[in-house]
1. With a ≥ b ≥ c the root eigenvalues of the C-alpha gyration tensor of the range 85-207, is it rounded (a/c under 1.5), prolate (a/b larger than b/c) or oblate?
2. If every alpha-carbon in the chain counts as one equal scatterer, what log10 I(q)/I(0) does Debye give at q = 0.07 1/Å?
3. Rounded, prolate or oblate for the range 453-504? Axes are the square roots of the Cα gyration tensor eigenvalues, ordered a ≥ b ≥ c, and the cut-off for rounded is a/c under 1.5.
4. Mind checking the angle between helix 10-20 and the chain's longest principal axis? C-alpha axes, 0 to 90 degrees, to the nearest 10.
5. How far apart, in nm, are two points set 7 Å out from the Cα along the Cα-to-Cβ line at residue 587 and at residue 212?
6. Distance between Cα centroids, the range 276-349 to the range 11-57: provide it in whole Å.
7. So what are the range 508-630's ellipsoid semi-axes, whole angstrom, largest first, if each one is the square root of 5 times an eigenvalue of the alpha-carbon gyration tensor?
8. Determine, from the Cβ-Cβ distance of residue 396 and residue 312 and an R0 of 35 Å, the FRET efficiency 1/(1 + (r/R0)^6), rounded to the nearest 0.05.
């Protein structure tokens, strides 16, 4: 479902202009200084001109589609956007979503329909595709485009028009001055951006890690992921500083190719070869390239045959695109962003994922039980006030991709805002039967970093069980909307926990109401044996309380670890909980032993090793149990 921005419908507006014999002029993003800047006036007089006033025969794209060479950054500090647009150009399945019906939008050929001066582009924002309509009036000075321009004289105009549509979505051209390539890549694809710190784990000096990352990046590139990279400034360096290697500090480069080639060398070159890993990058300036090994004019290319060079698309033009070795890349660049278009089509031959998503808000309320703006774990008294979402992992081990995205604030720059909130999230493993909000910090499994980015990402491995994820801002009291997306191998159900305690019903008068709450964990057992056999038994454990029961997974061994967590809202605190250990059998399971656990009120994190008793009254091993019980129903 596509949402029409500001209720402007492309087909309707185009037909109106064609019937009236006029060119479209967008009243919502007028050809004035207000669409350019919000903090100052232009330094020079600006004339808004249509492409047909700049070149004789303008076109939206070339006959063979669009290319990273079609665009060049203008005077705006938005290399992050231009680099993302360069990534976009690399795959038709991506850019044709952003530029719908490109042939129909292009300037008509001789004898074609009347040009109406209107274009449309689509961006993914906050869980939906938004269609932006613009006119084709572009800001110029002295007959030259001020901002993004074609990579060559008379080149296609898709990049300049795309930039204008993005500026309209964000409020002005100035709103694009400074930003994150990861954000633009998400907007172009609806994917999830995974940042990779190349400085971590001594990657440059660890050959095995470099090989693994190369394989991961190559796989991502072949699956139409959008990839960008940059160099973080170190002490004494400044942004946009050009290094002696030709690379630019703080500059966003797009990755346009990655390849492993065979090289022959030495007297035995006919028989001996070695593989060389190469990566190709595009500078959004349209010029300025790497000058080291495997650059355009380097001697290394003599080791590669002409046919292989042509196949790789090697050129010697100063067009901003260049090759470099993977080793040099890992030594010079510090940050890599992979925006994955996560495959959810189950008929695909590639790996598929199941997706769940939910939208919610951080909001303030004077009532602590209603407040949903508790801040990060640094604020222990309020942290668990945040929205809580629960899901179950049913596989023994599950890889989960988790993305948290906040509502874009760039449009607020003109009124003094526009700064992203520092956001992040934690994943907790909780009781297998928890259906009410968590009020005490549970076992932390994994967490994202906290950063003032529009989105944060985490890849994590989860064991079978129930989990709660808490998206938070860094500080309490900060408010805003957010989108949470989770991708897993097996479909999961993601739902928000809204109630704190069981709600009294009409039967409560007869059946009683819960008066205490108990959280209990059976960590492990020891000394178990299988009757009549010397083999390690396959066992599981159950916890029983007032007609409720929770069951662990089956584990093999005489000293199994269960990590079974349960939470029970009890009507009669005098009735103990019962823990039972079972031998798993094909026909009928056998009770190895059981033990009663009193769980008195006031007990907190009480650990006990209890002896199991069989039906015959003999000892059949031990269990390690931890429990907490409180009469305050919102304490656990």
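1. Numbers: a/c = 2.02, a/b = 1.80, b/c = 1.12.
Prolate, because a/c is 1.5 or more and a/b exceeds b/c.
2. Those come out to -0.60, one per q.
3. Details: a/c = 2.11, a/b = 1.03, b/c = 2.05.
Oblate is the answer for the range 453-504, as a/c is 1.5 or above yet b/c matches or exceeds a/b.
4. 30
5. Label-label distance for residue 587 and residue 212, simple model: 4.8 nm.
6. 37
7. Values: eigenvalues 152, 43, 30 Å².
The answer is 28, 15, 12 Å, longest axis first.
8. Details: r = 43 Å, r/R0 = 1.24.
According to the calculation, E is roughly 0.20.
No value in this document is a laboratory result; all are computed from the given coordinates. All values reported here derive from a predicted model rather than from experimental measurement. All Cβ positions, even for glycine, are placed from backbone atoms using ideal geometry, and neighbour counts span all protein chains on display.
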